[in-house]
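Notes to accompany the following structure.
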Amino acid sequence: MGNATVLSPVMKHLFAALAICVATSTQQIEAETASISEKKLTPEMFEDFLPDFSIISIEHAREYVKKIYPYAIKVQREQSIPAPITIAMACLETGYGRSTYAQEKNNHLGIRMYKNGKAGYRNFSSVEKCFEYYINMLNLERYAPLQEITPNDLPGFIQGFQDCGFNHRDAYREKLATMIDFLHLEELEYPIA
């Protein structure tokens with residue numbers, strides 16, 4: 001995340017569409033390197049990449065952000081993890097709250113448990129309990145390096161969570177960054193105290 005890349009408006013819209021796809025799991029899209037210059041790109045070329053917006057709306061995404069916003073603020077106050085990071089994780093991990101484990105287990109951060117050699121999603125009695133567990137989980141030694149990152153360094157936190165092993169998927173950093181950008185999470189107000 002150290003190198004900043006300037007994206008054209010066409011590419012920003014493509015990444016926004018991909019962010020919705022990733023979060024809602026409506027399509028499995030693998031990026032392919034294309035040798036087409038941007039001048040040759042046409043809207044028809046992107047039709048296969050656009051998600052089914054009937055599955056989720058921007059309004060639903062906003063409502064989900066509003067729902068988890070107070071919990072993200074609590075995480076920020078107690079652990080100094082920027083709220084946009086927590087919100088983006090919740091949106092990405094649950095498809096804006098639509099995953100089975102978010103709806104049935106109140107697990108809004110994709111927190112896993114391992115029992116008898118099998119992985120599953122941890123069950124919480126409430127959304128609040130999920131975020132309390134997350135706050136306590138961040139006290140584990142493996143997450144200690146996150147406390148050394150300055151609060152306004154979102155790319156540093158994205159990389160830090162990857163380095164600490166929060167999620168081992170290869171493109172998780174990029175997906176989090178795209179989610180923050182797509183939802184304009186860095187523009188929301190986040191009270192410090």
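Work out, in µm²/s and without decimals, the Stokes-Einstein translational diffusion coefficient of segment 46-190 at 10 °C, 1.306 mPa s, Rh from Kirkwood over C-alpha pairs.
Details: Rh = 15.8 Å.
So the translational diffusion coefficient is about 101 µm²/s.
Over the Cα atoms, compute the radius of gyration (one decimal) and Dmax (the largest Cα-Cα distance, rounded to a whole number) for segment 96-160, in Å.
For segment 96-160, the Cα-based Rg and Dmax read 13.8, 40 Å.
Just add up the charged neighbours of GLY165: K/R +1, D/E -1, any other residue whose Cβ is under 12 Å from the Cβ of GLY165.
Numbers: positive: ARG112, ARG142, ARG169; negative: GLU141, ASP163.
Charge balance in the 12 Å sphere: +1.
Readers should treat all values here as calculations from the given coordinates under stated rules, not as data from a laboratory. Since the model is a prediction, treat every value here as computed from it, not as a measurement. Note: ideal-geometry Cβ built from the backbone for every residue, glycine included; neighbour counts use all protein chains shown.
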